[in-house]
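Single-structure report; data block below.
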Amino acid sequence: MTNPVKEIFNGEALPSRAAPGAREVPPPAALAAKVRTLSPSMTRSMQRVAEAVADDPAGCAALTVTGLAELTGTSEATVVRTARLLGYPGYRDLRLALAGLAAHQESGRAPALTTDIAVDDPIGDVVAKLAYDEQQTLADTAAGLDTVQLGAAVAAASTARRIDIYGVGASALVGMDLAQKLLRIGLIAHAHSDPHLAVTNAVQLRSGDVAVAITHSGSTGDVIEPLRVAFDRGATTIAITGRPDGPVSQYADHILTTSTARESELRPAAMSSRTSQLLVVDCLFIGVAQRTYESAAPALAASYEALAHRHSPRTR
């Protein structure tokens with residue numbers, strides 16, 4: 001029989017966490033993902049700068065801060081603010097990232113594939129477009145995920161007395177997935193999709209507990225309200241969201257950013273965002289399982305054995 005514990009822990013470990021409070025400079029590959037994620041919250045002038053560097057990294061890497069400001073019809077201050085919002089200490093660091101991204105593109109990047117699915121698309125094209133979109137979403141999320149924030153969230157969840165998870169709609173499915181994973185390694189975790197029950201349970205939280213809110217838009221009231229209550233009660237709060245600047249961030253101690261999904265008429269963001277949310281949930285779970293391995297491994301093995309008979313033919 002396959003050992004489920006070995007299957008989970010034989011994979012690569014999560015990246016090591018930086019020193020507390022440190023801010024990691026995004027790698028070149030994260031630049032395009034950062035632009036897609038943060039662009040909706042930028043001013044129009046900052047959007048012009050962000051779009052320019054994402055569209056032509058090689059050309060912009062050769063420009064001084066003054067040159068990029070002139071190219072985009074903005075100011076030097078706007079260029080610097082944009083660089084900082086994208087996660088770089090200054091424009092010099094952004095130029096280095098642009099040069100690296102340009103070099104990566106020149107080395108042979110896969111050809112672009114539109115993910116707009118038409119009503120009359122052959123099913124083979126639908127499969128290809130969705131597969132590409134899922135791959136890009138995962139890559140964007142991994143590139144933009146702040147491992148310092150992730151490490152802090154893992155540390156809090158690993159020692160939590162209780163973990164409450166809030167999500168509605170498609171995000172509720174992700175919340176249920178996280179709760180099930182945590183329960184199987186022996187932690188007390190509950191997912192709430194009913195907003196009334198979510199608030200009722202949040203009232204019972206206190207210091208030492210953890211509350212997780214999952215909302216792609218960052219503005220779902222039915223998710224923000226229980227997180228606010230948990231925050232006010234002293235629980236450590238975590239937000240998994242595609243809009244780190246959204247209202248949910250006001251009540252989140254730690255923010256785990258997901259990729260901004262590419263929407264289409266047939267696949268709205270609420271559906272396509274689930275891929276990136278599940279990746280973040282898996283990273284959070286594996287991190288917790290690593291930190292609690294001494295208790296997690298036997299708990300996982302016990303749950304596996306308890307369910308094993310349901311996956312085998314029954315004897316008559």
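Remarks
- Here's how it looks for residue 208: its modeled amide H is under 5 Å from those of 236, which are all 5 or more places away or on a different chain.
- Three-way shape call for segment 121-165 based on the alpha-carbon gyration tensor, with the a/c threshold at 1.5: oblate
- Prolate/oblate/rounded call for segment 121-276, Cα gyration tensor, a/c under 1.5 rounded: prolate
- Derived scalar couplings between HN and Hα for segment 228-245 equal 4, 4, 4, 4, 5, 7, x, 6, 6, 10, 10, 10, 10, 8, x, 10, x, 9 Hz in order, rounded to whole Hz, by the Karplus curve 6.51 cos²θ - 1.76 cosθ + 1.60 (θ = phi - 60°), x for Gly and Pro.
- Using only Cα coordinates, the Kirkwood hydrodynamic radius of segment 133-219 works out to 14.0 Å.
- For residue 188, residues with placed amide H under 5 Å, excluding near neighbours: 163
Rule-based calculations on the coordinates, nothing more; no lab input. From a predicted model like this one, the values you see are computed outputs, not experimental measurements.
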